[in-house]
Amino acid sequence: MALAVTSSSSSTAISKGIQNGSFRLLSDRPKPRTHGLNYSQRRFSVKALHAESKRNDSIVPLAATIVAHEGAEVVEKVEVEVEEQNFEQLAKELENASPLEVMDKALEKFGNDIAIAFSGAEDVALIEYAHLTGRPFRVFSLDTGRLNPETYQFFDTVEKHYGIRIEYMFPDAVEVQALVRSKGLFSFYEDGHQECCRVRKVRPLRRALKGLRAWITGQRKDQSPGTRSEIPVVQVDPVFEGMDGGIGSLVKWNPVANVQGQDIWKFLRAMDVPVNTLHSQGYISIGCEPCTRPVLPGQHEREGRWWWEDAKAKECGLHKGNIKEENVDGNGNGAVHANGTAIVPDIFNTQNLVTLNRTGIENLARLEDRKEPWIVVLYAPWCQFCQAMEASYVELAEKLAGSGVKVGKFRADGDQKEYAQRELQLGSFPTILFFPKHSSRPIKYPSENRDVDSLMAFVNALR
């Protein structure tokens, strides 16, 4: 479904559609890039830009993000009681709605009590959608103190492009000081990223949300198959609390939940929206500088985050509610069988590929004089990085069919993980091994470039 809006710079209706992120420029609302909006005609209004804040220790409630005339005053307050709203039903009604329609509904319902969470990546699309609605909107961002210089420059570009002021939230200086003094600047490389993220991101976000009744995120289902595949376009936030306090006091909107990443980029290009220059350097998912790197062909976009950790549920804590608590094994692998393996469909399914069980992989590893070489992937079907390379590995199996090189797979999670770590060089999923014809010890594929050409070059160099 597309929503009608208008450009204030033209009296002619413009109609343009983009799949999954579609919109139509018609004639019911102006498209502002200036400070000339008259909000007195809205169903709600906003306070003066410099009105005194009534909310302590939260987002500045009247950020300059709201593009309004100086002296604008409150003429009506939007009252939304979260507990009275049937947001599950609303999510069903909006399941096939365009991001623009979802954004418009969110801003209409919550007025000045909702804000867009902006990370400085392709979620700038949210700001463009909000801008297209013609409604006033607020934007906040978490400045962890460790962002890339390009991200800070991008924040400035976005503010100037839309004529807004982003509401920045900062970590508590005393908490950061204590963490760094006790563990050093890069402790997350040794004991995981959760503690640092909790201090620099989660707690500032919690403070920010206490000043709101709803927030808007750029989560998409395709970003992280392991944790985001079921997110709805709107939901009662399962983790954080809003200004009224208590679970159920905050609504979370995900307008682009059903949009593919490639369609987000089509939208950004079509609308000539500025983007973070890191994207042109191979970065897709962008976070703090020490914990973000470019991804290679065949890698999932989230593999550029916290790459030194096992590929499970890569969430920093901002969207912890995506990770189901029930039926989770000790490694966070999701719903599990009694033997500890995840209940998810298997992957790498093709007649050209041999499925190895524990006995099969043990026999293969013991052979010193094999009839033919093997390439085997150690995988877990719930791992989003294994899922991301599935097409490449299946194509590799097809290309090697009849070549004298066997292609196999061994599921190495659950009960098999300890063995794979001890005997098969498993570090994280996926791990790819080449078993030469005349050597018992397998050779581990050293690269994270998992496209079919790179994998074929590895095989050809060793067989």
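The values are calculated or read from the model by the stated rules, or taken from the named source; none is laboratory data. What you see is a predicted model, and the numbers here were worked out from it, not measured in a lab. Positions of Cβ are generated from backbone atoms using ideal geometry, with glycine treated the same way; all protein chains shown enter the neighbour counts. Just the protein is used for accessible areas: all its heavy atoms, side chains included, with ligands, DNA and RNA removed. Shrake-Rupley method; radii C 1.70, N 1.55, O 1.52, S 1.80 Å.
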Open item on the list: Counting only protein heavy atoms and a 1.4 Å probe, tell me what percentage of segment 145-225's accessible area is made up of carbon and sulfur.
Closed with: 53
- [ ] List every residue whose amide H lies under 5 Å from the amide H of residue 426, counting only residues 5 or more places away in sequence or on a different chain, with H placed 1.01 Å from N in the peptide plane.
- [x] 421
- [ ] Compute the FRET efficiency between residue 462 and residue 241 as 1/(1 + (r/R0)^6), taking r as their Cβ-Cβ distance and R0 = 56 Å, and round to the nearest 0.05.
- [x] 0.50
TODO: Provide the gained length on full extension for the span residue 349 to residue 368, in nm with one decimal, where the gain is 0.36 nm per separating residue minus the Cα-Cα distance.
DONE: 4.0 nm
Task: Normalised per residue, the volume of the convex hull around the Cα set of segment 112-246 (Å³) - done: 138
- [ ] Would you mind checking the pairs 417/444; 109/266; 105/252; 109/252; 406/437; 406/444 and listing those with alpha carbons more than 18 angstrom apart?
- [x] 109/266
TODO: Enumerate the calculated ³J(HN,Hα) couplings along segment 434-440 in order (Karplus 6.51 cos²θ - 1.76 cosθ + 1.60, θ = phi - 60°), each rounded to whole Hz, writing x wherever the residue is Gly or Pro.
DONE: 10, 9, x, 5, 10, 8, 7
Open item on the list: Given points 7 Å out from each Cα along the Cα-Cβ axis, report the residue 422 to residue 172 separation in nanometres with one decimal.
Closed with: 4.4
Open item on the list: Restricting to DSSP loop positions (anything but H, G, I, E, B) with no more than 16 other Cβ atoms inside 10 Å of their own Cβ, which chymotrypsin sites (Phe, Trp or Tyr not before Pro) remain in segment 176-226?
Closed with: 186
- [ ] Work out from phi, with θ = phi - 60° and the Karplus expression 6.51 cos²θ - 1.76 cosθ + 1.60, the ³J(HN,Hα) of each residue of segment 404-412, listed in order in whole Hz, and give x for Gly and Pro.
- [x] x, 10, 7, 10, x, 9, 9, 6, 10
Open item on the list: To check my understanding: the extent here is largest minus smallest coordinate of the Cα atoms along each principal axis. What are those three numbers for segment 378-463, in Å, largest first?
Closed with: 33, 29, 22
Open item on the list: Counting other C-beta atoms within 10 Å, and keeping those with at most 14, which DSSP coil GluC sites (Glu not before Pro) do you find in segment 90-151?
Closed with: 95
TODO: Express the accessible area of segment 184-297 per residue in Å², computed with a 1.4 Å probe while the remaining protein chains stay in the model.
DONE: 38
- [ ] With a 1.4 Å probe and every protein chain kept in, tell me what percent of the accessible surface of segment 361-463 is carbon plus sulfur.
- [x] 44
